[in-house]
Amino acid sequence: MSEVEAIDPKHFRNVMGQVPTCVTIVTAMVDDAPVAMVIGSFVSVSLDPPLAGFFCTTESGTWQELRGADVLGVNVLGADQIDVSNACMRAPEERFEGLDWSVVDGAPKIAGTTAWLTLTPNQVIDAGDHEFALCNVTHIEASAEPSEPVIFFGGGYRTLAPKE
Ligand SMILES: Cc1cc2nc3c(=O)[nH]c(=O)nc-3n(C[C@H](O)[C@H](O)[C@H](O)COP(=O)(O)O)c2cc1C
């Protein structure tokens, strides 16, 4: 019988650092205050019906706030918005300080993103030490200008090389 390899969590994290991800800010209005969390696991799930989602660690206090919201905003950050991601890694109450944002369709929209979506909750699915927030997609828009994304890879932010 083949033995199952024991996976060290730190090694797993390092290896998964080789998988590039998007950088999004998932937002909501909770008790009239804006809430934000940096999410790299945002993914489209289904075109018809339109579904998308993301994974959150069960240890996140911010996720506990987001999960009760009626509307979530997904702000997809561009190459020139690494400072926005850094801002949203500050203490929860400081995350919107200095940011250009407004409430659009019920959720905080950050100016200058490459794409903006709104979601409504569909299901929260257990996923080990994370939960998967499966959501209905209720609005989508992409920047009218050609735009480049910021990528998270190998524990840091990267931008793409020009197309060959
Ligand atoms: C680029 C990047 C991507 C991240 N992606 C996720 C993610 O997909 N899920 C998650 O739970 N945490 C993710 N995090 C970490 C959370 O953003 C961070 O731990 C969270 O803001 C903790 O907030 P809290 O202490 O307010 O709960 C990411 C952080 C960075 C910098």
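Give the stretch 81-94 a look and list any residue that's near the ligand (Cβ under 10 Å from one of its atoms) and within 14 Å of the chain's Cα centre (by Cα), or say none.
Ile82, Ser85, Asn86, Cys88, Met89
State which residue pairs qualify: first residue closer than 26 Å to Pro149 by Cα and inside the stretch 109-132, second residue of a type in the set (Val, Ile, Thr) and outside any strand (DSSP E or B) in any location, beta carbons under 7 Å apart, and separation of 6 or more residues or different chains.
Ile110/Val84; Thr118/Val71; Thr120/Val71; His130/Thr58; Glu131/Thr58
If I filter the stretch 113-122 for residues that are among the hydroxyl-bearing types (Ser, Thr, Tyr), surrounded by 15 or more Cβ atoms within 10 Å (Cβ to Cβ) and within 12 Å of the ligand (Cβ to nearest atom), do I get at least one hit?
no
Hey, could you check the stretch 95-108 for residues that are part of a loop (DSSP other than H, G, I, E, B) and more than 21 Å from Glu145 (Cα to Cα) and say which is farthest from the ligand (Cβ to nearest atom)?
Among them, the one singled out is Asp105.
Does Leu99 fit the bill of being surrounded by 13 or more Cβ atoms within 10 Å (Cβ to Cβ), without any contact (Cβ under 8 Å) to a residue 24 or more places away in the chain and not β-branched (Val, Ile, Thr)?
Yes: the conditions hold for Leu99.
Under 7 Å between Cβ atoms, which residue pairs at least 6 apart in sequence (or on different chains) link something in the stretch 1-23 that is within 24 Å of Arg158 (Cβ to Cβ) with a partner that is within 12 Å of the ligand (Cβ to nearest atom) and in a helix (DSSP H, G or I)?
Partner pairs satisfying both residue conditions: Val23/Ser85.
Any idea which of (1) within 16 Å of the ligand (Cβ to nearest atom); (2) in a strand (DSSP E or B); (3) under 14 Å from the mean Cα position of the chain (by Cα) is the one Tyr157 doesn't satisfy?
So the condition that Tyr157 fails would be (3).
Which of the residues belonging to the stretch 31-80 are charged (D, E, K, R), touching a residue at least 40 places away in the same chain (Cβ under 8 Å) and near the ligand (Cβ under 9 Å from one of its atoms)?
Glu59
Where a number appears in this text, it was derived from the coordinates with a stated rule and is not lab data. Every value quoted in this text rests on a predicted model; they were computed, and no experiment measured them. Cβ sites come from the backbone with ideal geometry, for glycine too, and all protein chains shown count toward neighbours.
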